[in-house]
Amino acid sequence: MKRTTPLTVLSSRKLTEFVGWMPIFEFEDILAQTTGAQIISPRARPHLPRGLRGLRRRISGSFEPTTEHPESDHLFVVAVTPGNLEMVTAIPNWRNRFRKVSAFVIDSFHYAGFPKQTYEFDHVFVPIPESADHIRSHFGVPTSVLSLGADCLRWGFHKGDRSIDILGVGRCPERYHLPFQAAFHTSDNSILYLHSPIGNMSGQAIWKERPMLMKVLLKSKLALAFDLFFDPPPQRPVTMPVITGRWFESLTAGCVAIGKQPKTPLFRQLFPWEDATIELPDDGYQAVDFVLSLLKDSDRLNAARQRNSIEMAARHDWRFRIQDVLTMFGIESTTTLNEQLAELDALARGSEMVCSA
């Protein structure tokens with residue numbers, strides 16, 4: 001096969017149009033924009049009753065054969081859940097068509113969801129160290145940790161006004177949400193607590209509303225973020241600490257993260273700087289007073305905001321993750337990627353000089 005692009009990317013974007021996965025789809029778009037990678041998004045076959053799904057999976061697979069012709073001899077599967085690795089079956093004779101096949105599995109803590117095709121991968125990236133150990137030992141596939149990221153080049157270093165005092169996007173434990181509502185949703189309190197639902201959770205609208213959500217972050221002083229083990233939501237059971245995209249996006253946008261950070265050494269490795277997360281008191285009503293005091297400490301907030309922007313641009317832009325993926329495949333970095341990394345470095349260095357002046 002004549003190679004016309006360095007990578008063919010299999011995306012889950014047509015399988016699960018959920019607002020929580022938008023950062024992952026952005027990663028794919030940046031990968032395509034900086035390297036010329038081809039994105040193919042398979043479609044699932046029509047829904048069947050549970051008793052017939054397994055039979056169809058064995059006979060014809062769960063995905064419609066793709067009509068797009070892969071343009072590379074390297075395949076990179078971006079799977080938001082382990083089950084999405086089965087997307088490879090949408091490409092007939094997939095294992096023989098590609099010289100090297102790798103994957104990035106986001107919710108890698110769901111061990112039962114890994115399909116049999118996992119055995120045939122050359123490499124798997126995951127954001128959770130514990131699941132990397134599992135994949136290596138169970139499937140015998142080389143596995144390494146690739147953390148989440150954000151588009152710091154697009155959304156970092158915002159210098160505008162921040163008119164939203166406290167932002168709660170997604171899950172907020174009731175022990176905080178209810179006291180915050182009682183304290184701040186009144187006509188005689190000037191503090192603005194903006195919280196979900198903000199925009200659509202699923203469907204085509206999430207693509208149009210993505211910039212809106214990021215602009216809301218850019219307008220916010222404090223952003224709530226919580227360890228999933230802290231008052232865990234019943235609809236999303238987890239078995240190990242997970243560092244969600246909430247931190248990466250909030251800190252990139254210059255928000256000061258407040259809440260409860262995940263109890264994993266990886267968190268301090270990824271965010272080792274001062275005030276990367278400011279811990280709230282366990283009692284929600286005490287947290288109200290804590291937040292009111294924090295909002296008055298403009299020196300601390302401005303320093304934390306500046307530090308967040310600089311550190312995120314130096315460590316956690318998606319373009320660094322793309323470099324790691326290209327290295328695994330043995331593909332040289334592109335001119336476009338190198339130019340954007342240099343632009344990131346210049347922004348971070350310039351802001352650091354202003355901060356230290």
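The values are calculated or read from the model by the stated rules, or taken from the named source; none is laboratory data. Predicted model only: the values in this text are computed from it and were never measured. Note that we place each Cβ from the backbone using ideal geometry, even for glycine, and neighbour counts take in every protein chain shown.
Of all residues in the range 89-142, those satisfying the criterion of being in a helix (DSSP H, G or I), buried (at least 22 other Cβ atoms within 10 Å of the Cβ) and under 21 Å from the mean Cα position of the chain (by Cα) are Ser131, Ile135. The set of residues from the range 76-89 being touching a helix residue (DSSP H, G or I) at 6+ places or on another chain (Cβ under 7 Å) and not β-branched (Val, Ile, Thr) comprises Phe76, Ala79, Pro82, Gly83, Leu85, Glu86. A search for C-beta distances below 8 Å between a residue of the range 29-41 that is touching a residue at least 60 places away in the same chain (Cβ under 8 Å) and any residue that is part of a helix (DSSP H, G or I) and not aliphatic (A, V, I, L, M), counting only pairs 6+ apart in sequence or on different chains, returns Ile30/Trp318; Ile30/Arg319; Leu31/Trp318; Gln33/Thr336; Thr34/Arg319; Thr34/Thr336; Thr34/Gln340; Thr35/Thr336. When the range 235-270 is filtered for residues that are in contact with an Asp or Glu (Cβ under 8 Å, 6 or more places away or on another chain) and under 14 Å from Cys152 (Cβ atoms), the ones remaining, listed by number, are Leu251, Thr252.
When the range 259-301 is filtered for residues that are exposed (fewer than 15 other Cβ atoms within 10 Å of the Cβ), assigned to a loop (DSSP other than H, G, I, E, B) and acidic (Asp, Glu), the ones remaining, listed by number, are Glu274, Asp282, Asp283, Asp297.
Please specify each residue of the range 27-42 satisfying the condition of being surrounded by 20 or more Cβ atoms within 10 Å (Cβ to Cβ) and of a type in the set (D, E, K, R). Hit for the range 27-42 is Glu28, nothing else.
Of all residues assigned to the range 167-187, at least one qualifies as being touching a residue at least 24 places away in the same chain (Cβ under 8 Å), among the small types (Gly, Ala, Ser) and outside any helix (DSSP H, G or I). Out of Phe109, Phe98, Phe157, one residue alone is among the aromatic types (Phe, Trp, Tyr) and touching a strand residue (DSSP E or B) at 6+ places or on another chain (Cβ under 8 Å). It is Phe98.
Evaluating His123 against the criteria (1) farther than 30 Å from Gly350 by Cβ; (2) in contact with a Phe, Trp or Tyr (Cβ under 7 Å, 6 or more places away or on another chain) leaves one unmet condition, (2). Looking at the range 224-241, can you tell me whether even one residue there is closer than 25 Å to Glu343 by Cβ and under 18 Å from the mean Cα position of the chain (by Cα)? Checked the range 224-241: no residue is closer than 25 Å to Glu343 by Cβ and under 18 Å from the mean Cα position of the chain (by Cα).
With respect to the stated conditions, Phe248 fails to be touching a strand residue (DSSP E or B) at 6+ places or on another chain (Cβ under 6 Å) and either assigned to a loop (DSSP other than H, G, I, E, B) or of a type in the set (A, V, I, L, M) (or both). Given the structure, is Arg162 at pLDDT 95 or above and assigned to a loop (DSSP other than H, G, I, E, B)? Spelling it out, Arg162 is indeed at pLDDT 95 or above and assigned to a loop (DSSP other than H, G, I, E, B).
Among the residues that make up the range 233-250, is at least one of them among the basic types (Lys, Arg), modelled with pLDDT of 90 or more, over 21 Å from Leu292 (Cβ atoms) and crowded, with 16+ Cβ neighbours inside 10 Å? Yes, the range 233-250 has at least one match.
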